Structures are given as structure tokens and as C-alpha cells.
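A short reminder: the numbers here are calculations on the coordinates, not readings from a lab. What you are looking at is a predicted structure, and each value in this text was computed from that prediction instead of being measured. As a convention, Cβ positions derive from the backbone with ideal geometry for all residues, glycine included, and neighbour counts pool all protein chains shown.
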């Protein structure tokens, strides 16, 4: 029943609109839904700062996320597979991982700016850090979750270590890797916006857009920007869910 | 020289954390399996039947003694030995056909060739129409047929089967026993079969070795000189079954 699922948000919007119209909630703190929609239209047509249109902000933000995320995938998955496979490698790397992992990605922002300057590189680095650990840990646990009898089945068929790694451990770990990828992109997307709060050189990015709107007290555009971020996050997760369903039909 | 699997003075001790924790599984197993023979090990659960198969397959280190195949020592996984697991151990992410093919893939047989060969197994094993199903979509009996096909396609000299029908209901078990006899009758593989079901052993085997509880040894070896298809309720089958059960009871 789709109407049952739609009912709560519709009621919420109506109540919110009512409270705003009657002046109970002051517009400078929380603009009405209608005002937010108008703010969204402004972001699309005029831009914030003016001339900097919404879709270009989205483009820059997505680009930073993709760079950071791609880097995280390329490093965390192979490293996780190796750490899951070999006790020696795990023993060597795990203490380092456990030391760095508790540091929130956002705490890296100052040093990232020092290393990479203000701009896309810093933001991508922060996203990389946010996505890296969930992907790594889920890859390791994916390898460990493989039924040992499957490895024995391959060994009995005289499989090489290479075959066991590529054709047993990798496919067996994929469901867990995909879970890590979903968590990783979620955290990456969250950290992106915060990373952009601290500034971007190019003058584009959703986080930067919201902070600029705050500077000139445009709460309608702030909330419209927040909604855009939420909807894009939802869209990314839906894409990955589809990928997940397609890849692990065998489960 | 005819193929022969020879086990002599085989011992297995699991060393525990403390010196007193060591468990002796076998105190010395001797037996010979000849080419084309259907050889079955029966014994109480925990007597180490599975451990023995795993040692022959190269999955478990040998504490003392020898396992010889045609006079050569076996101590690692080896393409001459195949193993069918009780819990099937099919790769869940591979479709049925691809599960059967995997042994050939490991040997480096080109894709087209190995698919064609796997298809002949699909047909002979009554799996036609299911080639593109994942293991989760198959019944227990079908999974075990896939597992047997996967072991046989690599043409090992000896096929080990570890209670392959243990998790099937009795109707499917009977069907799979007849199916295995049919396949074996055509191919004349050398089979070393493990079960705790004496009825199954008498129905299938040329020879039955009866093992004692731990630390186990072979108590006696029975030759079953009954023609296939066998009558499960014949006087002769009953007599052998009774002899084996008595021996097992005495050993408890």
C-alpha cells in the first residue's frame, strides 16, 4: 500500500506548512515547505552564490566522492582480501589499521588541507578515509565467512593457491564486500559535505553551497540543499542495492 | 600393474593444548583397495572414518604409517584422488554446469571443451534442464549428484565418498544408492565409501571393513559376493548385516 507509506510525510508537510503559515515557527529559523520549494527553484535557476547553479555543485560534489570512493575501493578490497587470506599479512597490518581507524575522518581535515591544499584533493582524501575502513573490514570478514569446506573442495580438485584466491575467496567474499561498499559510500557522502564546509577552491560543491547560503541567512536554500544531499544519498544507495541484487543472485 | 590403494600402519593423533589432551584416533589401520572395487568403511560415529578419508585426500596430516597409491606415497592433495563431501560443498556462486566443470577448469581445459564434457554428465546424471540453476535452487539429491559429477569428471583413480547420502531422506537415499550403482557399473571407478549405515554398505559394496570405536582399528573385512541388483531383504544380505552389527555391538 503506497498511500500508507506516503501518509506520514504528507501529514508532516501539512502540519509544518500550517505551523509556518500561522507564524508559530518563525520563517527565518524554519521556512515553510512552500518557501523551501521556492528556495530549491532559486538554487536551480539563480544559483548560490548567484551564477553558481545547483547542478554544477552536484557535479563537483559527486566528482570528489567518486575519486575518493574509487581510491578506497582500489585499496581496501585488495588489502582486505590479502588480510583475510594470510595471517601474516593481517598480523602485520591490523595494528596499524586499528590505530588509525578510530580517528574520525573529519579530524583529518586540517592535516589534509596542509598536505593537499584547500579543494577537491583534500575533500577526496577525506572521503577516501571515510569509505576505506568499512570496505576493508567487511572484505576481511567476507573472506573469513567462507565455509572452509569450499576451500577444501577446491584443494581436493588440486586447485592452485592462485585459483583458490581468485575463484573461491573472491567470489565468496563478494556479498560482504558489497555491504562494505554500501556503508562506505554512505559515510563517504556524509564526510564530503563536511569536508566542503571548510572551503573549496573551485567555488562549487553542495557543502560549500549550503555554507554560502548560511552566510547570507537564506535558510530556505540551506534546507533545500540539505534535501538535495539526502535525495542524492538515497539515490546512490538505491543504485548499490540494485548492483547487490544483481551480483549475488546465488545467495 | 593394477591400481591399488594401500594403507599400512596408519596412525592419527590429534595433539591437544596440554600433553594429556592428545587424542588417538587410529592405532594402526591396514587395508588394501583394488582397482574397480567398491570398498566401504563402516563404524560407530566418532571412530575416525571421515578422518581417514581426509588423510587419503591430503586434507589431514598423517601422524605415522603410509598411504600408497600404486606404490607411491600420498601426502598432499592429488589429482588422482577425488572426494565427495557429505554436505555437498558445491560453490554456491556457480551454476550447476559450472560446478561440474570446476575440476577441468583447474586442469586448464578450454571453456568450450569442458562445457561439452560437463553436459554429458548433466545428461547421464539426470540433471538436464537445471544447468543454469544455482545450488540453492536444487534438492539435496540433485546437489549430491552434482557433487559426484564434479568429482568424477576429473577422472581420479580413487573416488572417496564421505557419507554422501547421510543427509537425504530414506526414499532419496535409496534412489541415490541405485543411481550410484548404475554409474559405477558403467564406469567401474574405484570407490572408497564411508557410511554408518550397515544396510547401505551391504547393498552397495564389494568389501566392507568394520571399524572399532576410538582408538580405532579395522576389526574385520567382509567380502560381499552378491550380484547386483541386490535384494535388500535376501537371507544372505540379512546374514551379512547381522554379522556386521554383532561385530559392531561387541566392539562398543
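For A:162, A:182, which order do you get if you count the other beta carbons within 10 Å of each Cβ and list the fewest first?
Least crowded to most crowded, the residues run A:162, A:182.
Test of understanding: what is the full-extension gain from residue B:6 to residue B:132, defined as 0.36 nm times their sequence separation minus their Cα-Cα distance?
This chain segment gains 41.4 nm when fully extended.
Looking at the square roots a ≥ b ≥ c of the eigenvalues of the Cα gyration tensor of region B:157-238, which shape do they give, rounded for a/c under 1.5, prolate if a/b is larger than b/c, or oblate? Can you show the working numbers first?
On the way: a/c = 1.34, a/b = 1.24, b/c = 1.08.
Cα axes put region B:157-238 in the rounded bin.
Compute the long axis of helix B:235-251 from its Cα atoms, compare it with the longest principal axis of the Cα atoms of chain B, and write down the angle in degrees, 0 to 90, nearest 10.
On a 0 to 90 degree scale, this one is about 60.
For residue A:66 and residue B:87, what does the FRET efficiency come to when R0 = 56 Å and r is the distance between their Cβ atoms, rounded to the nearest 0.05?
0.85
Helix B:140-152 sits at what angle to the longest principal axis of chain B, using alpha carbons and giving 0 to 90 degrees rounded to 10?
90
Using a Förster distance of 22 Å, how high is the FRET efficiency between residue B:220 and residue B:34, based on the Cβ-Cβ distance and rounded to 0.05?
Result of the calculation: an efficiency of 0.80.
Roughly speaking, what % of Cα-Cα pairs in the protein assembly as shown are separated by over 42 Å, rounded to a whole number?
Here the long-distance tail beyond 42 Å is 42 percent of all Cα pairs in the protein assembly as shown.
Ranking request for peptides A:73-84, A:98-109, B:215-226, A:202-213: highest mean number of other beta-carbon atoms within 10 Å first, then the rest in descending order.
Those peptides, ordered most packed to least, come out A:202-213, A:73-84, B:215-226, A:98-109.
Which shape class applies to region B:89-155: rounded if a/c is under 1.5, otherwise prolate when a/b exceeds b/c and oblate if not, where a ≥ b ≥ c are the square roots of the Cα gyration tensor eigenvalues?
Prolate, because a/c is 1.5 or more and a/b exceeds b/c.
Relative to the first principal axis of the alpha-carbon coordinates of chain A, what is the inclination of helix A:54-85, with its axis defined by its Cα atoms, in degrees from 0 to 90 and to the nearest 10?
On a 0 to 90 degree scale, this one is about 20.
Compare B:240, B:183, B:106 in a GNM of chain B, Cα atoms joined below 10 Å, and give the one with the largest fluctuation.
Ranking B:240, B:183, B:106 by mean-square fluctuation puts B:106 first.
What distance in nm separates the simple spin-label points at residue A:11 and residue A:74, each placed 7 Å from Cα in the Cβ direction?
5.0
Per residue of B:80-87, how many C-beta atoms from partner chains lie within 10 Å of its own C-beta, taken as a mean?
3
222 nm [θ] for the protein assembly as shown, helices only, -39500 (n - 2.57) per DSSP H run of 4+, per residue, to 500? Walk me through the numbers on the way to the answer.
On the way: 18 runs with 282 residues, N = 503.
Mean residue ellipticity, 222 nm, calculated: -18500 deg cm²/dmol.
Modelled label-to-label distance, residue A:147 and residue B:111, 7 Å Cα→beta-carbon offset: nm?
2.7
Return B:148, A:25, A:183, A:126 ranked ascending by Cβ neighbour count within 10 Å, so the fewest neighbours appear first.
Ranking B:148, A:25, A:183, A:126 by Cβ neighbours within 10 Å, fewest first, gives A:25, A:183, B:148, A:126.
If a paramagnetic tag sat 7 Å from the Cα of residue B:242 along the Cα-Cβ line, which residues of region B:198-222 would have the backbone N under 19 Å from that point?
Under cut-off, by backbone N: B:198-203, B:222.
Can you tell me the equivalent ellipsoid semi-axes for region A:54-250? Use √(5λ) from the Cα gyration tensor, largest first, whole Å.
Output for region A:54-250: semi-axes of 38, 19, 11 Å.
Provide a whole-number value for the mean count of partner chain Cβ atoms within 10 Å of the Cβ atoms in peptide A:156-166.
Taking the mean over all residues of the peptide, I get 5.
In what order do A:22, B:205 fall by count of nearby beta-carbon atoms within 10 Å, going from fewest to most?
A:22, B:205
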